[in-house]
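Peer 1: Sharing a structure below in structure tokens format, with a few things to ask.
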Amino acid sequence: MLASLLIPLLFSAPAAYAALNVTGSTCTVTPLPSTGTTDPDDTPQILQAFTQCGKNGKIILAEGLFHIGQIMRTTEFSNVDIEIHGTLKWSSDIQYWLRSSISVTYAGRSTAWLLGGTDIRLRGFGKALFDGNGQLWYDQNRNQGNQNGRPISLTLWNARNVLVDGITWRQSQFWHTFVAHSENVTMTNLDMNSTSNSQWSTVNTDGVDTWNSKDVVIANWTVTCGDVSRKTPPTIFSFWSSFLFPYPLNTNPHPQDCISMKGNSTNISVSNVSCHESGCACIGSLGSQASQPDYVENVSFNNISCTHSSNAAWIKTYSGTGRVRNITFANFQLDNVNQPVYITPCIYTGQGCDTSRLPIEDVRWVNITGTSRYNVAGGIHCSASNPCKNLTMENVNIKPMSGGTTKWLCSNIQNQASSGIPCTESCPANWPQQLSGNR
Ligand SMILES: *[C@@H]1O[C@H](CO)[C@@H](O)[C@H](O)[C@H]1NC(C)=O
Ligand SMILES: *[C@@H]1O[C@H](CO)[C@@H](O)[C@H](O)[C@H]1NC(C)=O
Ligand SMILES: *[C@@H]1O[C@H](CO)[C@@H](O)[C@H](O)[C@H]1NC(C)=O
Ligand SMILES: *[C@@H]1O[C@H](CO)[C@@H](O)[C@H](O)[C@H]1NC(C)=O
Ligand SMILES: *[C@@H]1O[C@H](CO)[C@@H](O)[C@H](O)[C@H]1NC(C)=O
Ligand SMILES: *[C@@H]1O[C@H](CO)[C@@H](O)[C@H](O)[C@H]1NC(C)=O
Ligand SMILES: *[C@@H]1O[C@H](CO)[C@@H](O)[C@H](O)[C@H]1NC(C)=O
Ligand SMILES: *[C@@H]1O[C@H](CO)[C@@H](O)[C@H](O)[C@H]1NC(C)=O
Ligand SMILES: *[C@@H]1O[C@H](CO)[C@@H](O)[C@H](O)[C@H]1NC(C)=O
Ligand SMILES: *[C@@H]1O[C@H](CO)[C@@H](O)[C@H](O)[C@H]1NC(C)=O
Ligand SMILES: *[C@@H]1O[C@H](CO)[C@@H](O)[C@H](O)[C@H]1NC(C)=O
Ligand SMILES: *[C@@H]1O[C@H](CO)[C@@H](O)[C@H](O)[C@H]1NC(C)=O
């Protein structure tokens, strides 16, 4: 008893403590002990390690709890191994982050950690935990959409030849990850779960968004975006409530995407991903600015499960310029997906649904099975002035979860009859992304 009390006391004595140990080109950071009521800030030592060992070196964050009280702008790495064994917990000082988060230029978004350079291996060995303290963000954000300054957890920026492996995220502040202006990025074995425990939804805790990036491999992820705005009723009521409200309603107009490709993403491979409470696999939004074309080409999703999600294998564009070409959605398992397949040329605005000139072509769905929440498996409205070309479906079998026949709504698909899409009727312009019942 006495010994077990003494040991922690000895270890927490500040005098014996060195938070950063530099040995040759290896920097090892250990967390500062928590003393008193205010959390320490481990960011200075971590940044110091990144500076000292970020080129041809190794950075080790030891086991334990690191408090991250400041933004990290680490964009000069070259040939570095970053090994994280402990927990990184971002501080609760929302006002600080709103003021200080680093701009990523895309749509006014910003980040808490901007990481870039070449030949970077960031490994977490299944032990690293990134805790965004997100509940505070969900509660203060009160179901609003994109809040300026609300930070993305980790952004790869001007990064080349990168491996990110074995990291767990919980309660991310905003998007878990963003890959921008980067190439040859492999992100494997990641586990993300942001689920609100209050009445407020997480809102836009996307798993990953890519933008202006190429040659990206995403594999072996489990992602929960927490995209359910009404919580499941307490157990005592759930038997009766299940008759009144069969499934939690989703009232969030901008549901979060699990894996999403934004403008200028090419050669992206996504496989073995399990998405929950999210938009699952998504291309877009693209073409929001007529002056800036957005190209998304050569994207393949393979072996993806979409559970209790808003959509599954879908494409959303504004009526701007650019192109979507050569997209494969293969081997999807769906469970209770609101509207699995969806294409719109006029997302969120309803403007230019039939005048959009942003082409969508060579899109293939193959081996898609499982259940839709309602009786519509797909709503595809392509622009009348620029019909979708070469959309194909093979072995697609989606059944409404409460039985009945499946509807497929289709408009302006070139060679629709030979597409393999089992269209049953036309899809009106500005057809909603989320349905609230059978149609
Ligand atoms: C610093 O790290 C080296 C190599 O890992 C280790 O041998 C040494 O004991 C450490 N020094 C301190 C003070 O922790
Ligand atoms: C791509 O990045 C990986 C590290 O993830 C590296 O091993 C590989 O050599 C890079 N490929 C090229 C073509 O540079
Ligand atoms: C995510 O976390 C929530 C809350 O802890 C939990 O209910 C849910 O099962 C988790 N999701 C997965 C896929 O494990
Ligand atoms: C696509 O990306 C992968 C993974 O980075 C790479 O190995 C491959 O060479 C790229 N393909 C093309 C055509 O650039
Ligand atoms: C993905 O997970 C499977 C099964 O655990 C494993 O065999 C495979 O090596 C993993 N892939 C990568 C790229 O780590
Ligand atoms: C996907 O999972 C299978 C089965 O675990 C594994 O064999 C395969 O290597 C994984 N794919 C990737 C790209 O890791
Ligand atoms: C598909 O991915 C899951 C993980 O999400 C994995 O368990 C399964 O083995 C994979 N299947 C194949 C055929 O690769
Ligand atoms: C995408 O790439 C095109 C051409 O390479 C460029 O004109 C455009 O500005 C880029 N779009 C964005 C949003 O960066
Ligand atoms: C897509 O892949 C094809 C075939 O490999 C290639 O010719 C084309 O340049 C790629 N598109 C882009 C934008 O990289
Ligand atoms: C389509 O994209 C895949 C990668 O997903 C690529 O291998 C293939 O070459 C591309 N095909 C064409 C016609 O561009
Ligand atoms: C249709 O798209 C597929 C990719 O999904 C591609 O392989 C095929 O060549 C395209 N067919 C035509 C006629 O362009
Ligand atoms: C579709 O499923 C069949 C049967 O399991 C399989 O042989 C085929 O390779 C799958 N297609 C793709 C593109 O994965």
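The values are calculated or read from the model by the stated rules, or taken from the named source; none is laboratory data. What you are looking at is a predicted structure, and each value in this text was computed from that prediction instead of being measured. We place every Cβ from the backbone using ideal geometry, glycine too, and count neighbours over all the protein chains shown.
Peer 1: Name every residue in segment 325-337 that is surrounded by fewer than 24 Cβ atoms within 10 Å (Cβ to Cβ) and either farther than 19 Å from I413 by Cα or within 16 Å of ligand 8 (Cβ to nearest atom) (or both), in order of residue number.
Peer 2: Correct list: R325, A330, N331, Q333, D335, N336.
Peer 1: Among (1) closer than 24 Å to T202 by Cβ; (2) away from ligand 10 (no atom under 16 Å from the Cβ), there is one condition D294 misses while meeting the rest; what is its number?
Peer 2: Of (1) closer than 24 Å to T202 by Cβ; (2) away from ligand 10 (no atom under 16 Å from the Cβ), only one is false for D294: (1).
Peer 1: When you scan segment 172-200, how many residues do you find that are of a type in the set (S, T, N, Q), in contact with an Asp or Glu (Cβ under 7 Å, 6 or more places away or on another chain) and farther than 21 Å from Y106 by Cα?
Peer 2: 3
Peer 1: Only residues that are out of contact with any Leu (no Cβ under 6 Å at 6 or more places or on another chain) and within 17 Å of L409 (Cβ to Cβ): list them for segment 339-358, please.
Peer 2: V341, Y342, I343, T344, P345, C346, I347, G350, C353, D354
Peer 1: Working only within segment 402-426, note down all residues that are of a type outside the set (S, T, N, Q) and touching a strand residue (DSSP E or B) at 6+ places or on another chain (Cβ under 7 Å).
Peer 2: Correct list: K407, W408, L409, C410, I413, G420, I421, P422, C423, E425.
Table: residues versus (1) among the hydrophobic types (A, V, I, L, M, F, W, C); (2) modelled with pLDDT of 95 or more.
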{"residue": "Q144", "(1), (2)": "no, no"}
{"residue": "Q173", "(1), (2)": "no, yes"}
{"residue": "T188", "(1), (2)": "no, yes"}
{"residue": "N193", "(1), (2)": "no, yes"}
{"residue": "W200", "(1), (2)": "yes, no"}
{"residue": "G226", "(1), (2)": "no, no"}
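Peer 1: Also, I was wondering about something else. Quick check on this structure: which one of G370, G378 is under 23 Å from the mean Cα position of the chain (by Cα), of a type outside the set (A, V, I, L, M, F, W, C), more than 16 Å from ligand 4 (Cβ to nearest atom) and crowded, with 24+ Cβ neighbours inside 10 Å?
Peer 2: The conditions single out G378.
Peer 1: Next question, about the same structure. Working carefully through the options W211, W169, W157, find the one that is touching a residue at least 60 places away in the same chain (Cβ under 8 Å), touching a Leu at 6+ places or on another chain (Cβ under 9 Å) and not polar (S, T, N, Q).
Peer 2: On inspection, the qualifying residue turns out to be W157.
Peer 1: Being closer than 18 Å to A312 by Cα, surrounded by 15 or more Cβ atoms within 10 Å (Cβ to Cβ) and within 26 Å of the chain's Cα centre (by Cα): is that true of P345 here?
Peer 2: So P345 passes the test.
Peer 1: Testing R170 on (1) under 27 Å from S269 (Cβ atoms); (2) more than 15 Å from the chain's Cα centre (by Cα); (3) not aromatic (F, W, Y), one condition comes back false. Which one is that?
Peer 2: (2)
Peer 1: Restricting to segment 395-405, name every residue that is within 29 Å of the chain's Cα centre (by Cα) and either without any contact (Cβ under 8 Å) to a residue 40 or more places away in the chain or in a strand (DSSP E or B) (or both).
Peer 2: Listed by number, the residues that qualify are N395, V396, N397, I398, K399, P400.
Peer 1: Okay, moving on. Away from ligand 1 (no atom under 16 Å from the Cβ), modelled with pLDDT of 50 or more and part of a strand (DSSP E or B) - does that describe any residue in segment 252-259?
Peer 2: yes
Peer 1: Give the residue, chosen from D206, D165, D215, that is of a type in the set (D, E), within 16 Å of ligand 7 (Cβ to nearest atom) and modelled with pLDDT of 95 or more.
Peer 2: Every option except D165 fails the conditions.
Peer 1: Sticking with this structure for a sec: Out of the residues in segment 408-427 that are under 29 Å from the mean Cα position of the chain (by Cα) and not aliphatic (A, V, I, L, M), state the one that is nearest to G350 (Cα to Cα).
Peer 2: The selected residue is C427.
Peer 1: Check N311, N302, N336, N267 and return the single one that is touching a residue at least 12 places away in the same chain (Cβ under 8 Å), within 16 Å of ligand 6 (Cβ to nearest atom) and either among the β-branched types (V, I, T) or under 22 Å from D191 (Cα atoms) (or both).
Peer 2: Criteria check complete, one pass: N302.
Peer 1: Out of all the residues in segment 115-133, which are more than 24 Å from E183 (Cα to Cα) and among the charged types (D, E, K, R)?
Peer 2: K127, D131
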